[in-house]
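Some notes on the structure that comes next.
The values are calculated or read from the model by the stated rules, or taken from the named source; none is laboratory data. As the structure is a computational prediction, the values presented were derived from the model and not from experiment. We place every Cβ from the backbone using ideal geometry, glycine too, and count neighbours over all the protein chains shown.
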Amino acid sequence: MPKKIEPLTPVELNRKIEKLKQAGTQGLIAVGGVPGLHLQVTSAGATTWILRFTAGVKPGTGKPWRRDLGLGSYDKVSMKDAREKAKQAHALIADGIDPITEKREARSAMIAARLAEITFEEAAKQFIAAQSVTWKEGGKSEHQWSTSLEDYAYPVIGSLRVADIELTQVLKVVEPIWTTKTETARRVRSRMEQVLDWATVRGYRKGDNPARWRGALDKVLPAPDKVRKVKHHAALSIAELPDFLTRLRQRNGIGARALEFAVLTAARSGEVRGATWDEIDLEARVWTIPADRMKASKEHRVPLSDAALKLLESLPRMEGTDLVFPPPRGTKPLSDNTLTKVLKDMEVPVTAHGFRSTFRDWCAEHTEFPREVAEMALAHTIGNAVEAAYRRGDLFEKRRALMGAWAEYCDGKSVS
């Protein structure tokens with residue numbers, strides 16, 4: 001039987017605490033009232049309620065196992081409440097239950113319950129925030145992820161617990177648009193799969209991923225390539241281009257100049273809109289686009305024709321920004337809609353990207369330049385491994401000649 005300790009009063013306990021603190025020592029103060037109840041005082045002055053008890057045999061020793069159960073800090077748990085907690089622990093011990101194990105299991109259950117409450121929308125936003133640091137600057141990927149899930153997934157499953165999402169819920173998101181907006185549906189499915197994978201790893205859900213394609217959705221939906229309608233970027237015919245460029249040059253505005261530069265360089269809209277003056281060497285007549293702004297994540301040099309150089313030299317330098325084509329307000333690059341609006345106002349039913357197709361058609365049908373020169377001018381990834389191994393340069397001088405010929409054609413100086 002443990003030695004019976006006379007219960008301390010709060011005043012008596014405070015005296016003992018102050019005595020230990022003044023001495024700068026640590027120790028256990030037997031509180032009394034409940035067997036094994038102590039107040040632990042550290043040398044730093046921290047105070048915690050402790051229930052010291054013996055339960056079973058300590059593994060590997062064959063000796064009684066003395067355990068210490070924390071009951072909370074002295075500042076937050078009163079003496080009365082500490083004694084009540086100690087009594088409850090003794091009741092568990094009398095029933096053969098380890099109160100320390102019981103406390104850990106209760107805490108784990110509480111954490112598990114809290115984790116299970118996270119919704120799909122909350123999980124998706126956490127996943128996007130975690131992944132966005134690895135995506136390209138400019139926020140395009142983050143914007144596309146957020147927008148697609150906001151438009152299609154959140155209205156259907158956003159408020160559901162991520163732990164409760166099954167195949168039925170995933171189908172409610174993608175099935176209505178699977179045959180009409182197949183590419184969008186495919187991307188939304190893939191993004192839901194990644195969010196649910198992340199949620200599983202984080203402990204928010206268990207079991208198989210219901211948004212996976214193989215072994216799940218492929219059993220109830222047709223393969224995307226069986227229903228997807230290939231949509232090419234609308235492009236201007238080769239013959240129409242010189243007249244179009246003449247009309248474009250008659251329009252004012254930074255959007256018109258950005259579109260003109262995109263045509264002359266056969267560059268992507270995003271590459272043009274994000275161009276900065278420090279990327280352009282007017283003397284060397286070259287525009288060097290860094291890898292982090294390229295689709296293939298590889299630096300790309302663009303030779304500047306006389307027409308492209310003349311356009312750049314006519315542009316004003318704006319204070320507060322290094323952008324070649326700065327917006328009227330703000331410091332971020334022009335939106336893609338700016339170039340689209342120019343085309344819409346001109347009543348030309350094509351896309352800015354479509355001019356790259358016009359350029360490629362012109363290269364194939366009206367010039368003798370090798371195919372690889374045109375592909376390199378468009379910064380296309382080389383698909384043939386053997387060709388890529390042998391062609392390690394960027395064919396820059398040949399591309400300079402090609403872009404010069406293209407500019408002359410755009411100016412109407414050449415019909416072939």
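On inspection, residue 263 fails the criterion of being surrounded by fewer than 19 Cβ atoms within 10 Å (Cβ to Cβ) and either among the hydrophobic types (A, V, I, L, M, F, W, C) or at pLDDT below 90 (or both).
Among the criteria (1) modelled with pLDDT of 95 or more; (2) surrounded by fewer than 23 Cβ atoms within 10 Å (Cβ to Cβ), the one residue 292 does not fulfil is (1).
A Cβ distance below 7 Å, combined with a sequence gap of six or more or placement on separate chains, defines the contacts here; from segment 167-178, residues that are more than 10 Å from residue 220 (Cβ to Cβ) reach residues that are assigned to a helix (DSSP H, G or I) and among the polar types (S, T, N, Q) in the pairs 177/184. Restricting segment 319-344 to residues that are touching a strand residue (DSSP E or B) at 6+ places or on another chain (Cβ under 9 Å) and in a loop (DSSP other than H, G, I, E, B) leaves a set whose member that is surrounded by the fewest Cβ atoms within 10 Å (Cβ to Cβ) is 331.
A residue that is surrounded by 15 or more Cβ atoms within 10 Å (Cβ to Cβ), outside any loop (DSSP other than H, G, I, E, B) and among the hydroxyl-bearing types (Ser, Thr, Tyr) occurs nowhere in segment 359-369.
Given the criteria surrounded by 13 or more Cβ atoms within 10 Å (Cβ to Cβ), in the same structural domain as residue 124 (by TED's automatic domain parsing), in contact with an Asp or Glu (Cβ under 8 Å, 6 or more places away or on another chain) and in contact (Cβ under 8 Å) with a residue 40 or more places away in the chain, does residue 235 qualify? No, not satisfied. Based on what the data block shows, is residue 269 surrounded by 14 or more Cβ atoms within 10 Å (Cβ to Cβ), at pLDDT 95 or above, within 27 Å of residue 252 (Cβ to Cβ) and hydroxyl-bearing (Ser, Thr, Tyr)? Considered against the rule, which asks whether it is surrounded by 14 or more Cβ atoms within 10 Å (Cβ to Cβ), at pLDDT 95 or above, within 27 Å of residue 252 (Cβ to Cβ) and hydroxyl-bearing (Ser, Thr, Tyr), residue 269 comes out as no. Any residue at all in segment 30-53 that's among the charged types (D, E, K, R), crowded, with 16+ Cβ neighbours inside 10 Å and more than 16 Å from residue 84 (Cα to Cα)? For segment 30-53, residues among the charged types (D, E, K, R), crowded, with 16+ Cβ neighbours inside 10 Å and more than 16 Å from residue 84 (Cα to Cα): absent. Looking only at residues of segment 196-211 that are assigned to a helix (DSSP H, G or I) and touching a residue at least 24 places away in the same chain (Cβ under 8 Å), we find that the one that is surrounded by the fewest Cβ atoms within 10 Å (Cβ to Cβ) is 198. On the stretch given as segment 116-135, residues that are surrounded by fewer than 19 Cβ atoms within 10 Å (Cβ to Cβ) and of a type in the set (Phe, Trp, Tyr) total 1. Quick check on residue 299: is it assigned by TED's automatic domain parsing to the domain that holds residue 403, at pLDDT below 95 and either surrounded by fewer than 20 Cβ atoms within 10 Å (Cβ to Cβ) or under 20 Å from residue 342 (Cβ atoms) (or both)? Spelling it out, residue 299 is indeed assigned by TED's automatic domain parsing to the domain that holds residue 403, at pLDDT below 95 and either surrounded by fewer than 20 Cβ atoms within 10 Å (Cβ to Cβ) or under 20 Å from residue 342 (Cβ atoms) (or both). Among the residues of segment 53-67, at least one is among the polar types (S, T, N, Q) and at pLDDT below 75.
For the condition over 17 Å from residue 270 (Cβ atoms), at pLDDT 90 or above and of a type outside the set (Lys, Arg), what is the one hit in 394, 345? Every option except 345 fails the conditions.
Candidates in segment 101-131 are the residues that are closer than 10 Å to residue 162 by Cβ and among the charged types (D, E, K, R); of these, the one that is modelled with the lowest pLDDT is 117.
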